[in-house]
1. Restricted to the stretch 130-156, and to residues that are loosely packed, with under 13 Cβ neighbours inside 10 Å and of a type in the set (V, I, T), which residue is nearest to K191 (Cα to Cα)?
2. Under 8 Å by Cβ, and 6 or more places apart or on different chains, what pairs join a residue from the stretch 128-147 that is not assigned by TED's automatic domain parsing to the domain that holds L10 with one that is aromatic (F, W, Y)?
3. Inspect all residues belonging to the stretch 319-326 and state whether any of them is more than 30 Å from I246 (Cβ to Cβ), in contact (Cβ under 8 Å) with a residue 12 or more places away in the chain and more than 25 Å from the chain's Cα centre (by Cα).
4. Whether any residue in the stretch 117-129 is within 23 Å of K56 (Cα to Cα), modelled with pLDDT of 95 or more, buried (at least 22 other Cβ atoms within 10 Å of the Cβ) and of a type in the set (G, A, S) is what I want to check.
5. Please determine whether any residue of the stretch 97-107 is part of a helix (DSSP H, G or I), in contact (Cβ under 8 Å) with a residue 24 or more places away in the chain, buried (at least 21 other Cβ atoms within 10 Å of the Cβ) and among the polar types (S, T, N, Q).
6. Would you be able to say whether some residue in the stretch 329-346 is touching a His at 6+ places or on another chain (Cβ under 8 Å) and either in the same structural domain as H294 (by TED's automatic domain parsing) or farther than 12 Å from I280 by Cβ (or both)?
7. Where residues in the stretch 344-372 are within 25 Å of the chain's Cα centre (by Cα) and surrounded by 13 or more Cβ atoms within 10 Å (Cβ to Cβ), which of them is farthest from L393 (Cα to Cα)?
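The values are calculated or read from the model by the stated rules, or taken from the named source; none is laboratory data. Remember, predicted model here, so these are calculated numbers, not experimental data. Because the Cβ atoms are built from the backbone with ideal geometry, glycine has one as well, and the counts that use them run over all protein chains shown.
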Amino acid sequence: MQSNTILTVLSNDEANRFMEEYGDADIPTLSLKFAGKTSFHLGTTLELMAIYRKAKKKAPIISSFHLAVDKRAYEQSTSEQLAKHKATFISGNQLLDITAGIGIDSIFLASNFKNIVAIEQNKNLHEWACYNLKKLGITNISRIHGNALDYISTKKVDWIYIDPDRRSHHRRSITLEYMEPNVLEIMPLLKTVTDKIYLKLSPLFDIAEIIRNFKNVEAIHLISEKNEMKEVGVILNWSHHTDPHIFLKDVGGSFMSDFPFEIYLNQKKYTDYYGYGDFIHVPLATVSKSSCYHFFTQSQKILKHTIYPLFFSNQSYLDGFKTYKIIEQWGYSVKKVKEFLTSNDYQKLNIILKGTSEIPIKYHKKLGTTDGGDVYLFILKLRKKSEMILSRLIS
């Protein structure tokens, strides 16, 4: 979809009425029924409708206001929940967003700043973002089309926001040197105009690499949504001189926690477990990312699996973890598990595989089960002793 085509469709009253009237209709059917019969570009309209349906969950503001966006920009955009969460700890007078994209982050940060300058190199994204700001009535965000480095002056700002493109150089990478812009390369320039930077990194980015590559780290934010890691955020602050803090937050639930970085540096070594308790505890995404399991299990009778980040105890709740009640356990024996499932009428269950590249459907076929419900079969592949544990999710 070209920028002018999208903006033309969104400015067309008939196209907007069409999207409202057929918002829940089958899109392929609409394509066949109305081909060649509309005064507006039907293909672009249907693509927008498909995006708006998806956006109802990820970014309702896009669908509610019929904002200008294409599929790629939507997929790369921050979710509304993540943007709102970042607005709880990023605030000041002036913010410079040097990788503005479609602008979801700056839209939700705008209420925390007197002025935001958002710079974007991609002309389509820039034009759509300008249209969206006007439609939303947001007046304290100034959009600039161009290379951000050409617009950085000696004028100080409170914050710089950076979301470097991990798809540069025709490949996807989480290595800082291959991102665009190269944050390490431009850092001396950025330090001349601000004391505080928020750097948005891949959910795969390693915490140890943050400390190795950057000085003056004030905070590391590990952010998930519905227990899926979404973002590793780093706050750099040249006026901050104490040890960094690690913050954990799931924006799709209630879990949140924080602890000083020294907890990460002084991780407890678990002794090998012998036998099991009544419950399995599986760390939430942010806890797993932090690897600071001991912070949540300290002073409690918790045993860790020898190989995998699975924990066992006799307590039915552990903060920062999903907890499962053990129903039955075996060595690796598909036959015994199938006999048990059949005799106890377990037709639906979820399969969690560890130590193998196999996929759950392979075991569903062997066991005669389908995916779903609150029963989980853990299949733990080990070189010497594999295990199968049937359990029920309780919290």
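1. So, considering only residues that are loosely packed, with under 13 Cβ neighbours inside 10 Å and of a type in the set (V, I, T), the one nearest to K191 (Cα to Cα) is T154.
2. N132/F65; K135/F65; L136/F65; N140/F113; I144/Y151
3. yes
4. Checked the stretch 117-129: at least one residue is within 23 Å of K56 (Cα to Cα), modelled with pLDDT of 95 or more, buried (at least 22 other Cβ atoms within 10 Å of the Cβ) and of a type in the set (G, A, S).
5. yes
6. No, the stretch 329-346 contains no residue that is touching a His at 6+ places or on another chain (Cβ under 8 Å) and either in the same structural domain as H294 (by TED's automatic domain parsing) or farther than 12 Å from I280 by Cβ (or both).
7. Looking at residues that are within 25 Å of the chain's Cα centre (by Cα) and surrounded by 13 or more Cβ atoms within 10 Å (Cβ to Cβ), I get G355.
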